[in-house]
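Everything below concerns the one structure shown next.
All of the numbers you see were taken from the coordinates with simple rules; none came from a lab. Computed from a predicted structure; not experimentally measured. Glycine also receives a Cβ, built like all others from the backbone with ideal geometry; neighbour counts cover every protein chain displayed.
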Amino acid sequence: MRPRVLPNNPRTRQAGVGLPVAIFVITVIAAFVVNMGYLVQDNASGRGEQIQTARAQLIAESGANLALSQLFPPSAAPSYTGYNCGSISSPTGLDNDPGMAGCSVAVSCSSAGSSPNVIYSITSVGTCDNSVQSVTVDAM
């Protein structure tokens, strides 16, 4: 005669947590993979914006430096007399460099005070795509 098997017998009843744990681990890993994809995509778009901002800053600084050279030409050193904001124009050709393609710069100048204590304020605004950066330089 065979022994009678009871349903609560630990030898015959199979119970385990392997399948639920495996499903949970797969779900968590899938969530990490999806979030990493979003993170990489955000990082790539942020990097592009950062590059455009740096390009706009560089062209604005270049415009301010060229405006200072127009206001105080090296050939007139050491006495700069007779120069004023009217001698400054926005530089052209800065976007001919392949690294600055699509960028532009606008320069303006204002002065305060009377000779010989005139303070010149040069503002240069660089634009690359949607990024705009401004540089202001004061000179006396």
Ranked by Cβ crowding within 10 angstrom, fewest neighbours first, how are Arg47, Arg55 ordered?
Arg47, Arg55
Do any chymotrypsin sites (Phe, Trp or Tyr not before Pro) in the stretch 50-140 lie in a loop, going by DSSP, with at most 15 other beta-carbon atoms within 10 Å of their beta carbon, and if so which?
Tyr80, Tyr83
If you count, for each residue, the other Cβ atoms within 10 Å and average over each peptide, how do 86-98, 21-33, 124-136 line up from highest to lowest?
124-136, 86-98, 21-33
Cα shape, the stretch 18-139, gyration tensor, a/c 1.5 rule
prolate
